[in-house]
């Protein structure tokens, strides 16, 4: 049976800890600390600058209004930052992380990561990720694996380094977006070719289309 943990707001910030099962945790207003621990938990930080750790299990976490730190932990998690400048750490499983409004910083494994509105930093982790910047001037780093990067509206930065894999930028806007390569590359390392309607950039073991 799932357990429901609901703390009534008196004043100040709460520390809310789940049990070993599938918990429902609600923080209401204030800057709360929430720990899901074991189980497939649903955690709602409410308003305020919350720190939320899902722990082991397939968790659903919503930060709501405020500048939240959200860490899904182990498992296939669904994470929502909502309004505010959030730090979202999805872990190394197959997660969905969505920053929504605000300037967000995301990091994940083999995942779908959405920045939403605002100027976001999205990091893909070690596997094959899909990063969607949304509205705003976003910075996107696929990292290891064969990643798909979609900047969306705004002037976006796509950063790459050696070993990142075979990545695709789906909506590069010439004169608006920027591609950045690590400083260990020299100009002579870069090969640029036309493949049908696409431009392919190859630098060592890195391929960008």
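For segment 147-156, which positions are under 14 Å from residue 125 (Cα atoms) and either part of a strand (DSSP E or B) or touching a helix residue (DSSP H, G or I) at 6+ places or on another chain (Cβ under 6 Å) (or both)?
First pass over segment 147-156, keeping only residues under 14 Å from residue 125 (Cα atoms): 147-149.
Once the filter is applied, which keeps residues that are under 14 Å from residue 125 (Cα atoms) and either part of a strand (DSSP E or B) or touching a helix residue (DSSP H, G or I) at 6+ places or on another chain (Cβ under 6 Å) (or both), segment 147-156 yields 148, 149.
Taking the condition in contact with a strand residue (DSSP E or B) (Cβ under 9 Å, 6 or more places away or on another chain), outside any loop (DSSP other than H, G, I, E, B), under 19 Å from residue 208 (Cα atoms) and at pLDDT 90 or above, does residue 159 pass? Yes; evaluated as a whole, the condition is true for this residue.
Per-residue answers, yes or no, for (1) at pLDDT below 85; (2) not in a strand (DSSP E or B):
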{"residue": "4", "(1), (2)": "yes, no"}
{"residue": "16", "(1), (2)": "no, no"}
{"residue": "25", "(1), (2)": "no, no"}
{"residue": "29", "(1), (2)": "yes, yes"}
{"residue": "38", "(1), (2)": "no, yes"}
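State yes or no: is residue 112 surrounded by fewer than 18 Cβ atoms within 10 Å (Cβ to Cβ) and within 13 Å of the chain's Cα centre (by Cα)?
On the way: surrounded by fewer than 18 Cβ atoms within 10 Å (Cβ to Cβ): yes; within 13 Å of the chain's Cα centre (by Cα): yes.
When the stated conditions are applied, residue 112 passes them.
Candidates 156, 120: the one that is over 12 Å from the mean Cα position of the chain (by Cα) and touching a residue at least 12 places away in the same chain (Cβ under 8 Å) is 156. On the stretch given as segment 60-72, residues that are closer than 13 Å to residue 47 by Cβ and buried (at least 18 other Cβ atoms within 10 Å of the Cβ) total 6. The set of residues from segment 73-90 being touching a residue at least 24 places away in the same chain (Cβ under 8 Å), touching a strand residue (DSSP E or B) at 6+ places or on another chain (Cβ under 9 Å) and either more than 24 Å from residue 135 (Cα to Cα) or surrounded by fewer than 18 Cβ atoms within 10 Å (Cβ to Cβ) (or both) comprises just one member, 73.
The values are calculated or read from the model by the stated rules, or taken from the named source; none is laboratory data. Owing to the predicted nature of the structure, the values given are computational and were not obtained by experimental measurement. Here the Cβ is made from the backbone with ideal geometry for all residues, glycine too, and neighbour counts use every protein chain on show.
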